[in-house]
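Rule-based calculations on the coordinates, nothing more; no lab input. All of these numbers come straight from a predicted model, not from anything done at the bench. A quick note on method: Cβ atoms are made from the backbone with ideal geometry, for glycine too, and the neighbour counts reach across all protein chains shown.
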Amino acid sequence: MHVPYPAATTLALLLLLITHAAASPSAGCGRAPTLTAPTPYTLTVNAKQRQYYVRLPADYDPSHAYKLIFTFHALGGQASQVVGGTGGYLPWYGLPALDGFPSRAIYVAPEGLNNGWGNAGGEDIAFVDAVLEALEADLCVDTAHRYATGFSYGAAMSYSVACSRGTSFRAVAALSGGPISGCEGGGDPVAYYGQHGISDQMLPIAMGRSMRDRFVANNGCAAAAGGQEEPPEPASGSGTHVRTEYKGCAYPVVWVAFDGDHTPQPVDAGATGTWAANETWAFFERFVQE
Ligand SMILES: *[C@@H]1O[C@H](CO)[C@@H](O)[C@H](O)[C@H]1NC(C)=O
């Protein structure tokens, strides 16, 4: 068998795969849930009040361990917009409309500080940790299936989660982000989906490419098309998107470049709806629960 990276790395990745394969029900499994309100819950983290919304499947079953998906808002945005599908977001980034039993998910929409994810001193990662602790004590989560997504600053935060909590998150989907929430750690292989507009005026696509390339490297992927070249990107004015799956990765890495600016919901020319939610859900759905 051809081994493209050192044997020690292979062994470490194999152990990770084994760790990830088994379902890991959280302490909240079997309990009557209390985190069922449409209103936000509050936690104190580093002496600051932090809020988060929770969305359960309508037919929530405390004996079923669900995927858990963090949905981070953008700069200037609010968790309530992610929840309500206002301010340019689809509700919960459009994912609950696509998920389905047995891979339905529990969603959490955390509120940033000052409408963003500056993550000063790691305080937003500490908030994620606190949400996980509270939520998984109350709800039935498969702790081998934690995910994160978001647009812009929310993508930055998803990337930061992949950097800092790569051993406890299964995959992230970063929509038009930049590395502006930091990347503490940053060495673990994590499944990574990135999408970015070629003419992004807010966070240039080079930022998205550099975030992607960290996880291309961490996952030991071969280059996109077998050589060293960059994944193809659509021409300006083409009104299209181009999806590339990297080859030979420990965990999957997908890159979608689209003809457009800074938007969470790009739409191809002539299409009526965005492909972004579909691609994100298709990526998260690949990780089948055992
Ligand atoms: C996204 O998925 C939904 C549900 O399957 C489908 O109706 C819609 O056409 C898809 N949109 C795109 C742009 O692929």
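What's the FRET efficiency of R286 with V242 using the Cβ-Cβ distance as r and R₀ = 22 Å, to the nearest 0.05? Don't jump to the answer; show the numbers that get you there.
On the way: r = 19 Å, r/R0 = 0.88.
Working from the Cβ atoms, E equals 0.70.
Each DSSP beta bridge with both residues in the chain is either parallel or antiparallel, and the antiparallel ones are about 40%. Each Lys and Arg contributes +1 and each Asp and Glu -1, all at the Cβ; summed about the Cα centre of the chain, the dipole is approximately 260 debye.
Taken along the Cα-to-beta-carbon direction at a fixed 7 Å, the label points for A120 and H64 span 4.3 nm. Farthest towards the positive end of the charge dipole of the chain, among the residues G220, A191, T36, is the Cα of T36, using unit charges on the Cβ of Lys, Arg, Asp and Glu. The distance separating the Cα centre of region 97-155 from that of region 45-59 comes to 9 Å.
For H196, H262, H241, what's the fewest-to-most ordering of other Cβ within 10 Å of each Cβ? Please list the in-between numbers first.
Values: H196 28, H262 18, H241 23.
Placing the least packed residue first, the sequence is H262, H241, H196.
Nearest 20 debye, what's the magnitude of the dipole of region 44-164 about its Cα centre given +1 on Lys and Arg Cβ and -1 on Asp and Glu Cβ? Walk me through the intermediate numbers first.
Values: 6 positive and 11 negative charges, 54 e Å.
Dipole of region 44-164, to the nearest 20 debye: 260 debye.
Net charge in the neighbourhood of Y147 (other residues with Cβ under 9 Å of its Cβ; Lys, Arg +1, Asp, Glu -1) is +3. The slack between D129 and A23, meaning 0.36 nm per residue of separation minus the straight C-alpha distance, is 36.2 nm. Positive end of the charge dipole of the chain (Lys, Arg +1 and Asp, Glu -1 on Cβ, about the Cα centre): tell me which of T86, M211, S103 has its Cα farthest that way. The one lying farthest along the dipole's positive direction is S103. Protection proxy ranking of 123-130, 146-153, by the mean of other Cβ atoms within 10 Å over each peptide's residues and highest first, is 146-153, 123-130. Helices in the chain, meaning DSSP H runs of at least 4 residues, each add -39500 (n - 2.57). Divided by all residues, the mean residue ellipticity at 222 nm is -8000 deg cm²/dmol.
If each residue of separation counts as 0.36 nm, what is the full-extension length gain between N278 and Q201 once their alpha-carbon separation is subtracted?
Numbers: separation 77, 0.36 × 77 = 27.72 nm, distance 2.44 nm.
The span from N278 to Q201 would gain 25.3 nm if fully extended.
Between L43 and D261, the distance separating the two model label sites (each 7 Å from Cα on the Cα→Cβ line) works out to 3.6 nm. Exposure proxy shown here: for S181, S80, the number of other Cβ atoms within 10 Å sets the order, fewest to most, as S80, S181.
Here each label is just a point 7 Å from Cα along the line to Cβ, and for T36 and A222 those points are 5.2 nm apart. Straightening the chain between A97 and S80 buys 4.4 nm, computed as 0.36 nm per residue apart minus the Cα-Cα spacing. Here region 185-276 carries DSSP beta bridges of which approximately 45% are antiparallel, counting only pairs with both residues inside.
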